[in-house]
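The values are calculated or read from the model by the stated rules, or taken from the named source; none is laboratory data. Note that the structure is a prediction, hence the values are computed from the model and not measured. Glycine gets a Cβ as well: all are built from the backbone with ideal geometry, and neighbour counts include every protein chain shown. To get the accessible areas, we keep the full protein, side chains included, count just its heavy atoms, and leave off ligands, DNA and RNA. Shrake-Rupley method; radii C 1.70, N 1.55, O 1.52, S 1.80 Å.
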Amino acid sequence: MGVSQGVYELPAEIPLLEGENKNLILSAGVKKNGISESIIDYPLYDALFDTISVNENFYKNYDTISIKYLQAASLKFNENFEIGNNFFEDLDGNTETNVLPIINQNVFEGNKSGYIQLNSQTNAKIEVAGTAFNLTKGKKHFLELNYKCNIPFKIGLVGNNEFNQVIKTPILTINKKTDYNKIYIQLNSISDNLISNYYKIFILAEKPSDVQIGEIFLDNVKVLEM
Ligand SMILES: [Ca+2]
Ligand SMILES: [Ca+2]
């Protein structure tokens, strides 16, 4: 292993010590669980590799760095709301509260995003789950999503225990955000202690009484395994 040259917010100029044939690795960091103090190398992204010789006049510009998913990463769940919607399991028993695909200026990517609206006493709370997927023990797992919302919501996984009882594990409360944000949530607290042969993402939100219309927009909800 080499020496870390630090973590930079792009665009950045990165000073390097002189030397011949140095191996340069640029890897993408993400804010784990959306917390900026906790930047990690995202294990599911491929890195950029280069060999450089650094002298006093050395300057190299990497104009476009495209960071792709590693080929070994597999998509366990993917909902972009373009065709249908996998978040249809009604856990709250109230048919008034749903995730609906929308087509308007609030779409994040493609033609559609998912939308939750909580707007009265009778539909102040939603609890909904997506379709099931399986996780492989010993692998790394991340949940990613793009979202914006004017009320906080909880996201987690639901599965079964050995007695076939439904176990819900909330993982993170996502706070309100005016503009679209992307969040990366590590799932290994669950997948390292795998008990269920299936999992579903669940979303739980409750409209605070001082908010007239609670809104949550979702897109590109993914679970990745590597
Ligand atoms: Ca979309
Ligand atoms: Ca409902």
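Report in % the part of the accessible area of the chain that belongs to carbon and sulfur, leaving out ligands and nucleic acids; probe 1.4 Å. The partial results should precede the final answer.
Values: 6400 of 13430 Å².
With neighbouring chains kept in place, the figure for the chain is 48 percent.
When the dipole is taken about the Cα centre of region 1-118, and only Lys, Arg (+1) and Asp, Glu (-1) are charged at their Cβ, what size is it in debye, to the nearest 20? Could the numbers behind the result be given before it?
Working: 7 positive and 17 negative charges, 32 e Å.
In debye, rounded to 20, region 1-118 gives about 160.
Using only helices, what value at 222 nm comes out for the chain when you add -39,500 (n - 2.57) per DSSP H run of length 4 or more and divide by the total residues, to the nearest 500 deg cm²/dmol? Don't skip to the answer; put the middle values down first.
Details: 1 runs with 4 residues, N = 226.
Value at 222 nm, helices only: 0 deg cm²/dmol.
Can you tell which of Ile216, Ile65, Pro11 lies farthest toward the positive end of the dipole of the chain, using +1 and -1 charges on the Cβ of basic and acidic side chains (Lys, Arg; Asp, Glu)?
The Cα lying farthest towards the positive end belongs to Ile216.
Roughly how many Å² is the accessible area per residue of the chain, as a whole number, for a 1.4 Å probe? Intermediate values should be presented prior to the final figure.
Working: 13430 Å² over 226 residues.
Per residue, the chain has 59 Å² of solvent-accessible surface.
Suppose we look only past 17 Å in the calculated P(r) of region 128-226. What percent of the Cα-Cα pairs does that tail hold?
Working: 2524 of 4851 pairs.
Looking at region 128-226, the distances longer than 17 Å represent 52 percent of pairs.
Work through the residues other than Tyr69 whose Cβ is under 13 Å from its Cβ and net out their charges, Lys, Arg +1 and Asp, Glu -1. Walk me through the numbers before you get to the answer.
Details: positive: Lys68, Lys76, Lys140, Lys222; negative: Asp46, Glu144, Glu225.
Within the 13 Å Cβ shell, the charges total +1.
In region 100-206, which chymotrypsin sites (Phe, Trp or Tyr not before Pro) are in a loop and have at most 15 other Cβ atoms within 10 Å, using DSSP for the loop call? Kindly include the intermediate steps, with their values, before the conclusion.
Details: sites: Phe108, Tyr115, Phe133, Phe142, Tyr147, Phe153, Phe163, Tyr180, Tyr184, Tyr198, Tyr199, Phe202; in loops: Phe108, Phe163, Tyr198.
Sparse-neighbourhood loop chymotrypsin sites (Phe, Trp or Tyr not before Pro): Phe163, Tyr198.
In nm, to one decimal, how far is the Asn175 label point from the Ser74 one, both placed 7 Å along Cα→Cβ?
Spacing of the two 7 Å Cα→Cβ label points: 3.7 nm.
Just to confirm the filter: which trypsin sites (Lys or Arg not before Pro) across region 46-96 are DSSP coil and have at most 15 other Cβ within 10 angstrom of their Cβ? Walk me through the intermediate numbers first.
Working: sites: Lys60, Lys68, Lys76; in loops: Lys60, Lys68.
Taking region 46-96 and a limit of 15 other Cβ atoms within 10 Å, the loop trypsin sites (Lys or Arg not before Pro) found are Lys60, Lys68.
Where in region 136-174 does the label zone of Ile195 land, with the point 7 angstrom along Cα→C-beta and an amide N cut-off under 11 Å?
Output list for this probe position: 159-169.
So what's the net charge close to Thr122: Lys and Arg +1, Asp and Glu -1, counting the other residues with Cβ under 12 Å from its Cβ?
Values: positive: Lys125, Lys207; negative: Asp92, Glu96.
Once all neighbours under 12 Å are counted, the net charge is 0.
Once you have the Kirkwood Rh of the chain from its Cα pairs, apply Stokes-Einstein at 4 °C and 1.567 mPa s and quote D in µm²/s. Don't skip to the answer; put the middle values down first.
Numbers: Rh = 19.7 Å.
Value of D from the Cα-based Kirkwood radius: 66 µm²/s.
Rg and Dmax of region 26-118 over Cα atoms: what are they, in angstrom?
Looking at region 26-118, its Cα Rg and Dmax stand at 20.3, 68 Å.
Just want the answer: with Cβ charges of +1 for Lys and Arg and -1 for Asp and Glu, which residue in Phe88, Phe163, Ser191 is farthest toward the dipole's positive end in the chain?
It is Phe163.
How large is the charge dipole for region 172-226, taken about the Cα centre, if only the Cβ atoms of Lys, Arg (+1) and Asp, Glu (-1) carry charge, to the nearest 20 debye?
Working: 6 positive and 7 negative charges, 8 e Å.
Charge dipole of region 172-226: 40 debye, to the nearest 20.
Any idea what the dipole of the chain comes to, in debye rounded to 20, about its Cα centre with Lys/Arg Cβ at +1 and Asp/Glu Cβ at -1?
Dipole size: approximately 460 debye.
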